[in-house]
1. Taking the Cα centre as origin and putting +1 on Lys and Arg beta-carbons and -1 on Asp and Glu beta-carbons, what dipole magnitude results for segment 4-152, to the nearest 20 debye?
2. Using the Karplus curve 6.51 cos²θ - 1.76 cosθ + 1.60 with θ = phi - 60°, what ³J(HN,Hα) values do you get for each residue of segment 110-118, in whole Hz, with x for Gly and Pro?
3. Based on the mean of other Cβ atoms within 10 Å per residue, sort peptides 132-139, 120-127, 36-43 so the most packed one is first.
4. Can you run phi through the Karplus equation (6.51, -1.76, 1.60; θ = phi - 60°) for segment 127-135 and list ³J(HN,Hα) in whole Hz, with x for Gly and Pro?
5. Ignoring the sites themselves, what is the longest stretch of the chain with no GluC sites (Glu not before Pro) in a DSSP loop and at most 10 other beta-carbon atoms within 10 Å?
6. So what is the relative contact order of the chain, in percent, for Cα pairs below 8 Å that sit 6 or more residues apart?
7. Tell me the Kirkwood radius of the chain: reciprocal of the mean inverse pair distance over distinct alpha-carbon atoms, in Å.
8. 5 Å is the cut-off here: which amide hydrogens, built 1.01 Å from N in the peptide plane, fall below it relative to residue 137, excluding neighbours closer than 5 in sequence?
Amino acid sequence: MESVQFSSEVKHVKEHDSLSQDVVKKLIQQSQEAKKKAYCPYSKFRVGAALLAHDNTVFIGCNVENACNNLGVCAERTAISKAVSEGCRKFKAIAVASDMSDQYISPCGACRQVMREFGSDWTVYLSKPDGSYLKMTVKELLPVSFGPEDLSMKKVIDIPDEH
């Protein structure tokens with residue numbers, strides 16, 4: 001990869017029209033590094049994510065568990081939340097990594113829906129520890145999905161404000 005600048009948790013990648021193999025490899029490596037930061041004392045299931053924003057900034061995230069199971073946050077949603085909190089809302093790709101070697105890691109349903117919030121035509125790389133990956137789009141991961149544009153569709157009835 002030609003130009004990479006590192007600053008604490010945010011990494012900048014040189015502009016590419018389509019992702020080169022080097023960029024994909026680096027994104028997967030960053031997701032594997034992110035999983036090392038996972039806080040998963042209960043499941044012992046580490047997950048890392050590296051999210052490539054439209055401006056080529058990379059945001060990393062890891063899963064963060066909680067004793068109250070439903071309060072945990074997945075790596076993908078951590079990375080997306082970090083990006084959104086920094087003003088990024090357009091994404092090119094996300095790489096997801098775990099310690100599973102027999103199959104590719106796949107985002108949970110909640111993560112798929114959060115990804116979908118920001119479009120359906122961006123790329124998701126599902127990887128294994130050896131660096132191999134399966135390339136999909138958000139649309140392929142969540143077909144016939146519900147997104148922000150659906151909220152403005154015509155409805156049968158118009159519900160008045162309840163004030």
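1. Result for segment 4-152 is approximately 300 debye, rounded to the nearest 20.
2. 4, 5, 4, 5, 5, 4, 4, 3, 10
3. 120-127, 132-139, 36-43
4. 10, 10, x, 7, x, 5, 8, 10, 9
5. Here the longest run is 16-161.
6. 17
7. One over the average 1/r among Cα pairs gives 16.5 Å for the chain.
8. It is 124, by chain and number.
A short reminder: the numbers here are calculations on the coordinates, not readings from a lab. Just so it is clear, the structure is predicted and the values come from calculations on it, not from any experiment. Don't worry about glycine lacking a Cβ; one is built from the backbone with ideal geometry, like all the others, and counts go over all protein chains shown.
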